[in-house]
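In what follows, a structure is listed as structure tokens, so that the remarks can point back to it.
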Amino acid sequence: MIHHQLGYPIVEIFEGKVRLILPEVSLKSSIPPKTPVFYNPAMARSRDIGVLFIRVCEDLPGGGLSVCDALAGSGVRGLRYLIETSRVGHLVSNDISREAVKLISVNVNVNGVSDRVTIENRDANSLLADYASRGERFHIVDIDPFGSPANYIGNAIMAVRGRGILAATATDTAPLSGVYPKTCLRRYGAISIKTEFYHEVGLRILVGYIARIGLTYDLGVDNLLAYRELHYFRCYVRVEPGVRRAEKTLDNIGFITYCSTCMYRRSIPLVDAALRSSPSLTVCPLCSSNLNFIGPLWIGRLASPSLCRSMVEEIERTVVTDRDHITRLLSYLEYEASMPPTYYTLDRIASKLRVETPSFEKIRDIIIGEGYRFSRTHFDPKGFKTDMDPITLLELLRRHLE
Ligand SMILES: C[S@@+](CC[C@H](N)C(=O)[O-])C[C@H]1O[C@@H](n2cnc3c(N)ncnc32)[C@H](O)[C@@H]1O
């Protein structure tokens, strides 16, 4: 019956607690096709994290939340938020594709939630602009496109209620991380170069871009959770109305200066970089090479540690695809959240100092022995972070490893 309605072979599965009718081809191909409707089983983890986020986020009202899944595909993401969090009152599930909307309708019906879902078949930008102009703003707007979310952010941020959440996915990780600098400059207005901490650069450019768009509307932004996984970046930011909030947000936007000769790096708030032009901003204090400027990007926290902890605790009560993986990811995020921007990698240290690759234990002992903090990072299995300033660290590493 459903097969007849949709006109292509289907399968029925459960993701989380949501029953889903999907194109059979989505589960059979190694790269899920865009037609007839896109569904990527590998992104279930990202949706699990979204469910955990909404279940514990203290910034949102306890119930009756309005959610817009603006690029919904099969509808899975919004349906999971609706069915698995008990906080969502109403969902707008939208997709520009007619086939997608037919499938969303089937999935809404098989889950028996049609009274709580409005299905729309529109361009996401015009949908979001309309809802915002009617004053029907959402507690949560989710932007999950193919590739870059950049051209949806303006309308999305305007469609979020005060202190609501804008969640966005970016799969254009190569431009963001410095592989295609011109594309990054064009899409995000930011300079990205290849560094050993390229994943972090990409994620911070994404969050920084959202924050800068917010500023143009006198909206402040605080980043609650941002991470890198598989082939994508994902962030959840709180939108905070008001000029004062917007000005405070400016403190979290800046540049990273980086020396590709000796690995020295430093983050500088935009305001300081704009108001001062001293040689210390352009010349490496360690080796006198010219410094690279990366950004503008987000230089504030990448996650709220208490939010990450609550999400880890919530995993026990949630149906997730890979409990261990998500626990590990969120635990890393919790610990590295209070560290300064950028990380170092064992391989780069070894190649720069022309020594054998050091162990984490050795580096950790050097750092902790000097009274500083050390953490691994979710960005890279061979990466680490520290609050030790780079000059002291690089000199100490030279002394201990060479
Ligand atoms: C990556 S898929 C969404 C995946 C979905 N959120 C999930 O979790 O499975 C992107 C979707 O955006 C839709 N789309 C592309 N351009 C759009 C636009 N301008 N407005 C609304 N939807 C659009 C596509 O049809 C596609 O279904």
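The values are calculated or read from the model by the stated rules, or taken from the named source; none is laboratory data. No experiment lies behind these values; they were computed from the predicted model shown. Virtual Cβ from ideal backbone geometry, glycine too; neighbours counted across all protein chains shown. These accessible areas exclude ligands, DNA and RNA; they are computed on the full protein's heavy atoms, side chains included. Shrake-Rupley method; radii C 1.70, N 1.55, O 1.52, S 1.80 Å.
Filter segment 28-57 for residues that are within 19 Å of D144 (Cβ to Cβ) and open to solvent by 30 Å² or more (accessible area, probe 1.4 Å) and give the result.
Within segment 28-57, I31, P33, K34, T35, P36, F38, P41, A42, R45, R55 meet the criteria.
This table checks each residue for (1) among the acidic types (D, E); (2) in the same structural domain as A350 (by TED's automatic domain parsing); (3) surrounded by fewer than 24 Cβ atoms within 10 Å (Cβ to Cβ); (4) more than 21 Å from L346 (Cα to Cα).
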residue: Y188; (1), (2), (3), (4): no, no, no, yes
residue: K194; (1), (2), (3), (4): no, no, yes, no
residue: D218; (1), (2), (3), (4): yes, no, yes, yes
residue: Y264; (1), (2), (3), (4): no, no, yes, no
residue: I268; (1), (2), (3), (4): no, no, yes, yes
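The one condition from (1) within 21 Å of T345 (Cα to Cα); (2) acidic (D, E); (3) more than 23 Å from the chain's Cα centre (by Cα) that D272 does not meet is (1). Within segment 339-360, the set of residues being open to solvent by 20 Å² or more (accessible area, probe 1.4 Å) and under 17 Å from the mean Cα position of the chain (by Cα) comprises P341 only.
Across segment 162-205, what is the total count of residues that are part of a helix (DSSP H, G or I) and away from the ligand (no atom under 16 Å from the Cβ)?
18
If you go through segment 23-67 and keep only what is away from the ligand (no atom under 11 Å from the Cβ), touching a Leu at 6+ places or on another chain (Cβ under 9 Å) and of a type in the set (V, I, T), you end up with I49, I54, V56, V67. Of the residues in segment 99-107, not one is under 16 Å from G164 (Cα atoms) and among the small types (G, A, S). When segment 131-181 is limited to residues that are open to solvent by 10 Å² or more (accessible area, probe 1.4 Å) and among the polar types (S, T, N, Q), the one that is farthest from Y39 (Cα to Cα) turns out to be S133. Residues in segment 225-251 that are crowded, with 19+ Cβ neighbours inside 10 Å, under 19 Å from the mean Cα position of the chain (by Cα) and hydrophobic (A, V, I, L, M, F, W, C): 6 in all.
In segment 68-83, which residues are more than 9 Å from the ligand (Cβ to nearest atom) and open to solvent by less than 10 Å² (accessible area, probe 1.4 Å)?
Kept after step one, since they are more than 9 Å from the ligand (Cβ to nearest atom), are these residues of segment 68-83: 68, 79, 81-83.
Within segment 68-83, C68, L79, Y81, L82 qualify.
Determine whether V11 is in a helix (DSSP H, G or I) and either more than 9 Å from the ligand (Cβ to nearest atom) or of a type in the set (K, R) (or both). Don't jump to the end; show me each part of the working.
Details: in a helix (DSSP H, G or I): no; either more than 9 Å from the ligand (Cβ to nearest atom) or of a type in the set (K, R) (or both): yes.
Considered against the rule, which asks whether it is in a helix (DSSP H, G or I) and either more than 9 Å from the ligand (Cβ to nearest atom) or of a type in the set (K, R) (or both), V11 comes out as no.
Looking only at residues of segment 84-102 that are assigned to a loop (DSSP other than H, G, I, E, B) and more than 6 Å from the ligand (Cβ to nearest atom), we find that the one that is least open to solvent (accessible area, probe 1.4 Å) is R87.
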